[in-house]
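None of the figures in this text is laboratory data; all of them are computed from the coordinates on show. No experiment lies behind these values; they were computed from the predicted model shown. So basically every Cβ, Gly included, is an ideal-geometry build from the backbone, and we count neighbours across all protein chains shown.
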């Protein structure tokens, strides 16, 4: 009898390894989108900014509320990660299908899908909510004070 070796599918740039693995282990589907525009076309599309390979959930926002570009989201992720984890190689911008009220598993207590921006309380304590929201709404290009 041959042993069957399971090889996981390669992780795509817009997927969370942590949540994909959790879904597979539980026998559930993991659904992610390849782009911001694809997530915006789904009523349950959300944007998740994570660091430390999912060990840090920084922000969660319905994709329909995002008015900035995908490049601005990438810069926002880099700016946040530089402040709290400082390892951009393990940071990821994810586009997933999640219902309002559902949790987003990950470190730092995970995140929450709301009808508005959810920002981790640690980042809120740093006074970042308004700046992050301004980037997402397209009113600011990045977190840096010079913008």
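GNM on the chain, alpha-carbon springs under 10 angstrom: the most fluctuating residue among 26, 59, 78 is 26. Modelled label positions at residue 105 and residue 21, each set 7 Å beyond Cα in the direction of Cβ, lie 1.1 nm from each other. Taking every alpha-carbon pair under 8 Å whose residues sit at least 6 apart, segment 17-136 reaches a relative contact order of 30 percent. The modelled label-to-label distance for the pair residue 29/residue 112, using points 7 Å beyond Cα in the direction of Cβ, is 2.7 nm.
Each label point was placed 7 Å from the Cα along the Cα-to-Cβ direction; for residue 44 and residue 11 their separation is 2.3 nm. Against the empirical 2.2 N^0.38 Å (N residues), segment 43-147 has a Cα radius of gyration ratio of 0.95.
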